[in-house]
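Trainee: Dropping a structure here in structure tokens format, bear with me for questions.
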Amino acid sequence: MLTKRQNLAEVMKGGNPDRFVKQYEAFSMIMNTPITRIKPQIGGEIVNEWGITIRWPEGQLGAFPVHDAEHIVIKDITKWRDYVKAPSVECSEEAWAPAIAAAKAVDRKDQYVTVFVAPGIFEMTHYLMSMEEALMAYYEEPEAMHELIDYIVEFELKLAKEFIDHLHPDAVFHHDDWGSQISSFISPDMFKEFFEPAYKKIYGYYKDNGVELIIHHSDSYAANLVPSMIEMGIDIWQGVMTTNHVPELIEQYGGKITFMGDIDSGVIDFPGWTRENIAEKVETACRRCGKLYFIPGASQGLNVSSFPGVYEATDEEIDRMTKEIF
Amino acid sequence: MTKIEEVKAKVEAGKSKLVPGLVQEALDAGNSAQDILDAMVDSMGVVGEKFSKGDIFVPEMLIAAKAMSKGVDVLKPHLAGDGSSKLGTCVIGTVAGDLHDIGKNLVSLMIESAGFDMVDLGVDVPADTFVQAIKDNKNVKLVACSGLLTSTMPAMREAVATIKASGLTGFKVIVGGAPVTPEYAEEIGADGFAPDAGTAAVKAKELATA
Ligand code: B12
């Protein structure tokens with residue numbers, strides 16, 4: 001039997017995997033790094049390391065950035081330098097120790113030591129200035145947006161260096177949601193202009209420094225951005241929703257990129273979820289997408305589910321499909 | 001190109017810096033404020049259609065709506081009557097338990113540019129607040145509920161049920177958001193559904209004038 005890592009590698013190169021990859025099983029996520037996103041507790045509010053106020057109101061499923069006039073970070077995009085200050089990435093060796101220990105404990109023949117980066121560049125711009133203002137600024141103040149993005153890239157490169165120096169990761173799992181369920185937020189041309197070069201720098205840097213695998217999370221429609229993803233160096237697009245017509249994408253781009261998803265979290269992961277429903281969605285995905293260039297999994301951007309039991313049930317159903325298809 | 005055609009083209013292209021000047025020129029050339037407004041409503045219709053088809057994206061839609069709203073500012077003093085919109089008032093909000101507002105804001109912009117006055121209740125709106133807003137505002141013809149989370153679909157159901165059970169009349173209820181399907185909209189008793197902001201404006205008009 002192949003190790004989880006070998007099996008994933010076979011899927012990606014169109015070789016001979018001996019089973020379906022079960023969601024995130026091949027990635028050992030190192031989440032206890034000293035530089036990680038901070039989040040409020042339920043009912044709480046924090047100002048994060050970029051100065052963004054994030055609130056998690058009672059009775060809500062998750063946290064939200066606050067963008068009223070008082071709290072919004074960038075009040076005028078042409079003066080972004082006055083408002084935005086990247087946090088420092090320097091931490092003591094002591095602070096790194098738990099993450100280093102976690103990475104050491106991983107059997108790298110079996111799993112990829114994977115670092116986690118979120119939010120992404122696109123997300124950072126809308127966290128700093130609200131989605132509407134950010135999206136309009138790509139048209140109205142493109143130079144300032146280019147500068148702001150360059151500044152975030154600079155930060156990400158420093159972060160990457162810290163990760164690489166301390167953990168020698170095999171993979172990076174990077175979030176950045178680029179669309180709604182039915183369309184990308186911005187046009188492929190605009191995306192190519194602003195984001196392709198930015199991510200090429202970041203992902204290129206990881207690759208040049210021994211990181212084998214780039215996994216990018218966007219749980220949305222983004223089929224129209226796949227050519228850019230390939231150009232950026234993304235190996236696995238995680239979160240690919242069913243609205244992307246995944247089998248067609250595999251047909252067209254398999255070999256250049258692998259797709260992880262085709263099971264929408266929203267349709268399996270809710271209060272009152274059922275095993276039958278998960279079984280059906282997993283089966284549909286596995287049968288139509290096949291063994292190569294595809295990893296079945298929920299679109300959610302981590303190895304968890306919103307409602308207890310869903311993640312595990314999904315794994316078990318993938319096992320069942322392995323028995324039937326392999 | 002006539003001045004009105006120019007206004008139309010620049011709204012479609014989202015040139016918010018140019019539109020106010022062109023609207024003024026169109027007025028100076030003797031066009032009625034109403035005709036200029038109608039022309040801008042038409043261009044937003046085109047924008048909505050292109051968005052629905054996937055030919056343009058959210059930024060293009062936002063800048064077009066902004067351009068139109070700058071144009072409307074110039075027109076306002078010239079518009080006849082009490083300045084209220086032809087199609088009536090639309091109350092809009094994201095249902096309780098949900099804080100997503102990008103889709104709701106886009107829908108609001110498009111419904112507004114189709115000729116409604118908007119009352120935006122924001123996000124995390126309890127069912128009763130929708131009802132109160134219908135009572136508090138004049139000429140409410142449409143109530144629009146948005147929801148992006150599967151887990152807030154029950155809150156959407158409750159909102160529609162509460163509005164319908166309030167005994168208030170004279171308006172229709174439209175719902176939408178990524179997890180909402182036409183079947184679900186019907187099941188919970190909404191009068192209409194639209195999959196995107198462009199279609200929402202068309203549907204809104206249809207419902208309010210039916
Ligand atoms: C951007 C985004 C955010 C932003 C929101 C910023 C904001 N101001 O709204 C941030 C990062 C803050 C966020 C937070 C969260 N999010 Co969120 N988010 C998204 C994302 C990526 C895009 C949504 C969006 O803005 N789309 C763009 C707009 C234009 O599209 P739209 O909303 O679909 O609206 C269009 C149509 O639906 C329609 N429409 C919308 N409303 C209406 C109303 C009417 C009347 C009509 C007719 C039509 C209509 O027209 C619109 C325009 O065409 C989606 C992913 C996705 N695939 O949708 C997740 C998503 C919605 N989020 C999700 C989750 C889980 C969360 C969090 C709980 C995360 C967390 N764990 O912390 C929190 C939620 C907190 C809360 N209580 O609400 C899940 C929901 C899963 C589910 N099905 O239940 C999604 C689907 C991601 C996922 N796959 O897991 N999110």
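The values are calculated or read from the model by the stated rules, or taken from the named source; none is laboratory data. In this text the structure is predicted, and so the values were computed from the model without any measurement. We place every Cβ from the backbone using ideal geometry, glycine too, and count neighbours over all the protein chains shown. All accessible areas refer to the heavy atoms of the entire protein, side chains included, with ligands and DNA or RNA removed. Shrake-Rupley method; radii C 1.70, N 1.55, O 1.52, S 1.80 Å.
Trainee: What percent does the relative contact order of segment B:3-78 come to when contacts are Cα pairs within less than 8 Å and at least six residues apart?
Mentor: For segment B:3-78, the relative contact order is 47 percent.
Trainee: Continuing with this model, one more query. Return one number: the angle in degrees, 0 to 90 and rounded to the nearest 10, between the long axis of the Cα atoms of helix B:33-53 and the longest principal axis of the Cα atoms of chain B.
Mentor: 60 degrees
Trainee: Inverting the mean 1/r over all pairs of different Cα atoms, compute the Kirkwood radius of the protein assembly as shown and quote it in Å.
Mentor: 24.9 Å
Trainee: Additional query: In the P(r) worked out for segment A:6-131, what percent of Cα pairs fall beyond 25 Å?
Mentor: Value for segment A:6-131 (Cα pairs over 25 Å): 47 percent.
Trainee: Also: Going down the list A:K79/A:K207; B:K53/B:K164; A:K192/B:K53; B:K70/B:K164; A:K22/A:K104, which pairs span over 25 Å between their C-alpha atoms?
Mentor: Too far apart for the 25 Å limit: A:K79/A:K207; B:K53/B:K164; B:K70/B:K164.
Trainee: Just tell me which aspartates and glutamates come within less than 12 Å, Cα to Cα, of A:K4; anything on the same chain fewer than 8 places away is out.
Mentor: A:D18, A:E25, A:D107, A:D110
Trainee: Same structure again: Please compute one quarter of the surface area of the Cα convex hull for segment B:89-209 and express it in square nanometres.
Mentor: 5.9 nm²
Trainee: With N residues in segment A:92-159, what two-decimal value do you get for its Cα radius of gyration over 2.2 N^0.38 Å?
Mentor: It is 1.59.
Trainee: On to the next question. Tell me the chymotrypsin sites (Phe, Trp or Tyr not before Pro) within segment A:1-103 that lie in a loop according to DSSP and have at most 11 other beta-carbon atoms within 10 Å.
Mentor: Listed in order of number, the matching sites amount to none.
Trainee: In addition: Tell me the Kirkwood hydrodynamic radius of segment A:150-203 in angstroms, computed as one over the mean inverse distance between distinct C-alpha pairs.
Mentor: 12.8 Å
Trainee: Among bridges DSSP assigns within the protein assembly as shown, what percent are antiparallel (round to 5)?
Mentor: 10 percent
Trainee: Can you tell me, using C-alpha contacts under 8 Å and at least 6 residues apart, the relative contact order of segment B:89-209 as a whole percent?
Mentor: Relative contact order here is 29 percent.
Trainee: Continuing with this model, one more query. Reachable aspartates and glutamates from B:K66, Cα under 14 Å, same-chain residues fewer than 8 places away excluded?
Mentor: Partners within reach: A:E132, A:E133, A:E140, B:E12, B:E112.
Trainee: I've got another one for you. Could you give me the ³J(HN,Hα) list for segment B:133-141, computed from phi with Karplus coefficients 6.51, -1.76, 1.60 and θ = phi - 60°, whole Hz, x at Gly and Pro?
Mentor: 5, 5, 5, 6, 10, 7, 6, 6, 10
Trainee: Here's a follow-up. Quick one: Karplus J couplings for segment A:87-92, per residue in order, coefficients 6.51, -1.76, 1.60, θ = phi - 60°, nearest Hz, x for Gly and Pro?
Mentor: x, 7, 9, 7, 9, 6
Trainee: Averaged per residue, what accessible surface does chain A expose to a 1.4 Å probe, in Å²?
Mentor: 42 Å²
Trainee: What are the residues of segment A:114-139 that lose 30 Å² or more of accessible area, with a 1.4 Å probe, going from their chain alone to all protein chains?
Mentor: Residues meeting the cut-off: A:M131, A:E132, A:L135, A:M136, A:Y139.
Trainee: Lys and Arg at +1, Asp and Glu at -1: add these up for the other residues within a Cβ distance under 12 Å of A:I42 and post the number.
Mentor: 0
Trainee: Still on this structure: Could you give me the ³J(HN,Hα) list for segment A:77-85, computed from phi with Karplus coefficients 6.51, -1.76, 1.60 and θ = phi - 60°, whole Hz, x at Gly and Pro?
Mentor: 5, 5, 10, 4, 4, 6, 10, 9, 9
Trainee: Another question about this same structure. What total accessible area, in Å², is buried where chains A and B meet, using a 1.4 Å probe and rounding to the nearest 100?
Mentor: For chain A against chain B, roughly 2000 Å² becomes buried.
Trainee: Can you list the GluC sites (Glu not before Pro) in segment A:31-137 that are in a DSSP coil and have 15 or fewer other beta carbons within 10 angstrom?
Mentor: Hits after loop and neighbour filter: A:E49, A:E58, A:E70, A:E90.
Trainee: Around A:V66, under 11 Å between beta carbons, what's the net of Lys plus Arg minus Asp minus Glu among the other residues?
Mentor: -2
Trainee: Additional query: Probe radius 1.4 Å, ligands and nucleic acids ignored: give me the carbon and sulfur share of the accessible area of segment B:1-142 as a rounded percent.
Mentor: Accessible surface attributable to carbon and sulfur in segment B:1-142 totals 50 percent.
Trainee: Give me, ordered by chain and number, the residues 5 or more places off A:I263 or on other chains with an amide H under 5 Å from its own placed amide H.
Mentor: Those lying under 5 Å, H to H, from A:I263 are A:G297, A:S299.
Trainee: OK, next. What is the diffusion coefficient of chain B in µm²/s, taking the Kirkwood radius over Cα pairs and the Stokes-Einstein relation at 25 °C with a viscosity of 0.890 mPa s?
Mentor: Translational diffusion coefficient: 141 µm²/s.
Trainee: Could you check how many percent of all C-alpha pairs in segment A:183-326 are farther apart than 23 Å?
Mentor: Cα-Cα pairs of segment A:183-326 separated by over 23 Å account for 37 percent.
Trainee: Name the residues whose placed amide hydrogens come within less than 5 Å of the amide hydrogen of A:S180, ignoring near sequence neighbours (fewer than 5 apart) on the same chain.
Mentor: Under 5 Å from the amide H of A:S180 lie the amide H atoms of A:F185, A:Y221, each far enough along the sequence or on another chain.
Trainee: If packing is taken as the mean number of other Cβ atoms within 10 Å per residue, what is the order of B:126-134, A:253-261, highest first?
Mentor: Top of the packing list down: A:253-261, B:126-134.
Trainee: What are the principal axis extents of the Cα atoms in segment B:3-78, in Å, biggest first?
Mentor: Taking the Cα atoms of segment B:3-78, the three principal extents are 37, 19, 18 Å.
Trainee: Another question about this same structure. Whose amide H sits under 5 Å from the amide H of B:V119, counting only residues 5 or more places off or on another chain, with H placed in the peptide plane?
Mentor: The answer is B:C90, B:V91, B:I92.
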